[in-house]
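Read through the structure below, which is laid out as structure tokens, and then see the notes.
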Amino acid sequence: MQHIQIEQLLQDKVKHAGKVAAGAGYDVMNIQLKAGESIAEHTAPGEVLIICRKGRVKFDVEGQITELDADALLMLEPNEKHSLEAVEDCEVVVVRLKK
């Protein structure tokens, strides 16, 4: 078992993105954004599971727009182009599956 505590870092600075855990088949990232901040379009080679823990965040996935809040998950297929923008201050946990 591995217990991982995720720090709240937005009080000290703006946009934060960092790896909080990794294993043989996955990486876990924590992204914290203030409203209006964004992350530019990018891809991942494996499947990606995105969990919105707090706030609201808008994703553009291959030209389709969807909004996540704390009640939603988003699953991306390998190599799908996506970008995100915080609608409200938000915290997102990203699980990237390695090929």
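Of note:
- Evaluation of Ala35 against the conditions (1) at pLDDT 90 or above; (2) assigned to a strand (DSSP E or B); (3) not charged (D, E, K, R) shows that the sole unmet condition is (2).
Quick grid of which residues meet (1) over 19 Å from Asp89 (Cβ atoms); (2) not aromatic (Phe, Trp, Tyr):
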position: Gly36; (1), (2): no, yes
position: Glu41; (1), (2): yes, yes
position: Pro45; (1), (2): yes, yes
position: Ile50; (1), (2): no, yes
position: Gly55; (1), (2): no, yes
position: Phe59; (1), (2): no, no
position: Leu68; (1), (2): no, yes
position: Leu73; (1), (2): yes, yes
position: Leu76; (1), (2): yes, yes
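- Selected residue (criterion: farthest from Lys15 (Cα to Cα)) from residues of region 44-79 that are surrounded by 15 or more Cβ atoms within 10 Å (Cβ to Cβ) and among the acidic types (Asp, Glu): Glu47
- Some residue of region 48-57 being β-branched (Val, Ile, Thr) and assigned to a loop (DSSP other than H, G, I, E, B): no
- Once region 12-28 is narrowed to residues that are within 17 Å of Asp89 (Cα to Cα) and of a type in the set (A, V, I, L, M, F, W, C), the residue that is modelled with the highest pLDDT is Ala17.
- Lone unmet requirement of (1) more than 24 Å from Ala22 (Cα to Cα); (2) under 13 Å from the mean Cα position of the chain (by Cα) for Ile51: (1)
The values are calculated or read from the model by the stated rules, or taken from the named source; none is laboratory data. On a predicted model such as this, the values are computed, not experimentally measured, just so you know. For neighbour counting, all protein chains shown are included, and Cβ atoms are generated from backbone atoms with ideal geometry for every residue, glycine included.
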